[in-house]
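The values are calculated or read from the model by the stated rules, or taken from the named source; none is laboratory data. Keep in mind that what you see is a predicted model, and the values were worked out from it rather than measured. Cβ placement follows ideal geometry from the backbone for every residue including glycine, while neighbour counts extend to all protein chains displayed.
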Amino acid sequence: MATESTRKNKRSNTKQTVKKLDSLIEKVKSKPVFVIGKNDVFYTVVNYITNEVAVDFIPTKLAAERITNRYNNKNAFSPTQKKKVAECLQGNLKLHTDIIFYEHTIKNTTDLDYKTVLLSRHKEAKIFKQKFTRDLLKLI
């Protein structure tokens with residue numbers, strides 16, 4: 001008698017439980033899930049269900065993680081914040097391509113005057129790229 005249960009098991013209402021589970025599944029299915037993707041140099045934020053790219057050309061993994069967390073949480077970006085983030089990313093991308101151009105031209109040029117001008121522009125572009133990245137991390 002000591003091993004026998006003294007409480008009776010209440011039968012749960014299975015129909016009600018099934019309805020609750022179905023509504024929960026529908027809520028989860030309707031919410032998009034964003035993950036981090038990787039291109040050659042940059043990171044992207046991708047909707048996992050539809051494979052649509054939400055944000056392109058993110059320079060650092062930290063920024064990509066923060067943007068992904070904001071998209072997955074309830075406090076997503078407002079339209080003005082999205083615009084500011086897009087401007088920072090476009091500025092960063094332009095400076096990145098400029099830096100690649102300067103490095104290639106510095107390697108292949110023989111004109112010393114042109115080389116010194118490109119070296120100064122290269123340094124300035126790197127500084128501005130760091131500023132854009134810093135501003136992006138502040139926005140997120």
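Going through Val18, Val45, Val33 one at a time, which residue ends up being at pLDDT 70 or above, touching a helix residue (DSSP H, G or I) at 6+ places or on another chain (Cβ under 6 Å) and among the aliphatic types (A, V, I, L, M)?
Val45 is the lone residue from the list that is at pLDDT 70 or above, touching a helix residue (DSSP H, G or I) at 6+ places or on another chain (Cβ under 6 Å) and among the aliphatic types (A, V, I, L, M).
Mind listing whichever residues of the range 104-116 are surrounded by 12 or more Cβ atoms within 10 Å (Cβ to Cβ) and either touching a Phe, Trp or Tyr at 6+ places or on another chain (Cβ under 8 Å) or part of a helix (DSSP H, G or I) (or both)?
Thr105, Ile106, Tyr114, Lys115
Just name the residue that is nearest to Leu95 (Cα to Cα) out of those in the range 121-134 that are within 16 Å of the chain's Cα centre (by Cα) and crowded, with 16+ Cβ neighbours inside 10 Å.
By that ranking, first place goes to Phe132.
Go through the range 49-101 and give me each residue that's without any contact (Cβ under 8 Å) to a residue 12 or more places away in the chain, over 15 Å from the mean Cα position of the chain (by Cα) and not in a loop (DSSP other than H, G, I, E, B).
Pro79, Thr80, Lys94, Thr97, Ile100, Phe101, listed by residue number.
Out of (1) under 15 Å from the mean Cα position of the chain (by Cα); (2) at pLDDT below 90, what's the single condition that is false for Ala2?
Failing condition for Ala2: (1).
Does Ile49 fit the bill of being among the β-branched types (Val, Ile, Thr) and touching a strand residue (DSSP E or B) at 6+ places or on another chain (Cβ under 8 Å)?
No; evaluated as a whole, the condition is false for this residue.
Kindly indicate which of Lys115, Lys84 is of a type outside the set (Asp, Glu), at pLDDT below 95 and within 30 Å of Phe34 (Cα to Cα).
The match here is Lys84.
When you go through Ile67, Ile100 one by one, which is the residue that is of a type in the set (Val, Ile, Thr) and buried (at least 16 other Cβ atoms within 10 Å of the Cβ)?
When all the criteria are applied, what remains is Ile67.
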